[in-house]
1. What does DSSP give for the chain in terms of the percent of beta bridges that are antiparallel, rounded to the nearest 5?
2. Dividing the convex hull volume of the Cα atoms of the chain by its residue count, what figure in Å³ per residue is obtained?
3. Near residue 29, within a Cβ-to-Cβ distance under 11 Å, what is the net charge of the other residues, with Lys and Arg +1 and Asp and Glu -1?
4. I need the phi-derived Karplus couplings for region 39-50: 6.51 cos²θ - 1.76 cosθ + 1.60, θ = phi - 60°, integer Hz, Gly and Pro marked x.
5. Filter the trypsin sites (Lys or Arg not before Pro) in the chain to those in DSSP coil with at most 10 other Cβ atoms within 10 Å of their Cβ, and list the result.
6. Skipping prolines and chain starts, which residues have an amide H placed within reach, meaning under 5 Å, of the one on residue 8, given they are 5 or more residues away or on another chain?
7. Could you work out the relative contact order of the chain? I mean the mean sequence separation of Cα pairs under 8 Å and 6+ apart, divided by the number of residues, in percent.
8. Please list, in order along region 51-67, the HN-Hα scalar couplings obtained from phi with the Karplus expression 6.51 cos²θ - 1.76 cosθ + 1.60 (θ = phi - 60°), rounded to whole Hz, x for Gly and Pro.
Amino acid sequence: MDEARVVILNRENIGRVERWRVDRQGTLNFLHAFLDGDWFQVVITRSDPGCIPPRALRLRPGEFTWRPRGAPS
């Protein structure tokens, strides 16, 4: 079984995210971020909500780019 790779995004690492992906499995959507050359499942927390894409983007399966306002490039 593959080991799950997860990340909690915050102000220190959000600038390293190159792109996003939403995978749908049944009725669930899983948000992934591509950073440091690999995909990680994003653990969504309330601690820094500005570091995750808006809900409308997280509900659509597929790949996209998004940067929070004021995020480092």
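Each reported figure results from applying straightforward, stated rules to the coordinates on display, with no laboratory input. Note that this is a predicted model, so its numbers are computed, not measured. Counting neighbours? That spans all protein chains shown, and the Cβs are built from the backbone with ideal geometry, glycine included.
1. Percentage antiparallel, nearest 5: 90.
2. Residue-normalised Cα hull volume stands at 101 Å³.
3. With Lys, Arg at +1 and Asp, Glu at -1, the net is +4.
4. In residue order, the calculated couplings are 8, 10, 6, 8, 8, 8, 10, 8, 5, 8, x, x Hz.
5. Loop-located and lightly packed - 5, 46, 69.
6. Distant-sequence amide H within range of residue 8: 43.
7. 38
8. 9, 10, x, x, 3, 4, 6, 6, 8, 9, x, x, 10, 7, 10, 6, 10
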